[in-house]
Amino acid sequence: MNKELLGFFLLFIALFVSALYYTNTIQGPLISALNYFKSHYHNSTEFVQNSIDKHIFQAKTITSLKDELHNYENNHLVMQQMASEINDLFKANNSEITIDPKVQLVRALSYQKFGDLNRVWLDIDDYNASKIYGLTYNELVAGIVVPQNKKPLGLLNRDIQSSYAVYVGKTRAPGIAHGNNAKNLVVKFIPAWFKVEVGDEVITSGLDEIFFKGLKVGRVISVSKSQGYQNAQIEPYYESNDPNYFYIIRQTR
């Protein structure tokens with residue numbers, strides 16, 4: 001191969017990789033196609049694996065344990081909401097309790113864009129693109145789900161567009177948590193008259209109807225004041241090192 005042909009070949013590869021990385025027009029259809037095949041691949045491999053489990057490793061026991069694990073995750077989230085409501089009941093005798101949250105196990109397919117670890121495409125049955133859903137992992141807040149071209153896109157906590165209502169500390173100081181495209185989160189618009197301290201725990205307030213109240217977000221590591229409000233830097237509990245399966249909050253009540 002002569003030098004001119006080799007140089008042309010290397011230039012073509014460089015242009016192709018650059019276009020693939022930076023151009024949404026090229027990257028979007030490619031990722032959609034990959035997600036389609038990846039979803040079918042996961043479904044096929046899970047079907048085969050489940051079939052092997054059922055026929056080789058005591059089908060009834062394995063099926064029962066898998067159902068129990070799913071029910072445990074679901075019921076634990078329900079119990080967290082109940083505990084939050086019961087605490088409020090002691091403070092207001094005329095409080096009415098309505099416990100009927102709906103949660104669903106969902107699977108992450110791929111990152112939306114190469115190099116961005118804060119956005120993942122999700123595989124969700126019966127997805128309603130008109131709603132925003134809460135996203136949890138091991139009973140911790142992981143982010144939110146928003147529509148992108150009518151497809152479910154998970155914005156993990158650190159994404160700058162991931163935001164939801166929270167309470168800070170024992171005084172339940174209200175605020176809005178959102179990502180900062182950095183390691184820590186930020187809670188803004190905390191009224192200045194609330195006492196917020198380093199070490200205070202941050203939980204969801206449920207006032208946005210994305211999450212129900214009481215799910216854990218993180219802890220305060222610093223507090224600052226700006227234009228009559230307080231801002232708090234938050235170290236999140238959820239670490240998005242290996243996004244795989246999540247639960248979405250389909251209904252908060």
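No lab work stands behind these numbers, since they all come straight from the coordinates. Since the structure is predicted, the reported quantities are computational estimates derived from the model, not experimental observations. When we count neighbours, we look across all protein chains shown, and the Cβ atoms used for this are built from the backbone with ideal geometry, even at glycine.
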Counting only C-alpha contacts under 8 Å and six or more residues apart, can you give the relative contact order of segment 138-241 as a whole percent?
-> 24
Potential lengthening between LYS183 and ARG250 on full extension [0.36 nm per residue; Cα-Cα distance subtracted] = 21.4 nm
In a shell of Cβ-Cβ distance under 10 Å around ALA129, excluding ALA129 itself, what net charge do Lys and Arg (+1) and Asp and Glu (-1) give?
-> +3
Which order, highest average first, do 135-147, 181-193 follow once you tally other Cβ atoms within 10 Å for each residue and take the mean per peptide?
-> 135-147, 181-193
Where in segment 213-253 is the amide nitrogen less than 19 Å from a point lying 7 Å along the Cα-to-Cβ axis of GLU197?
-> 218-225, 230-235
Order these peptides, 156-162, 127-133, 102-108, by their mean beta-carbon neighbour count within 10 angstrom, highest first.
-> 156-162, 102-108, 127-133
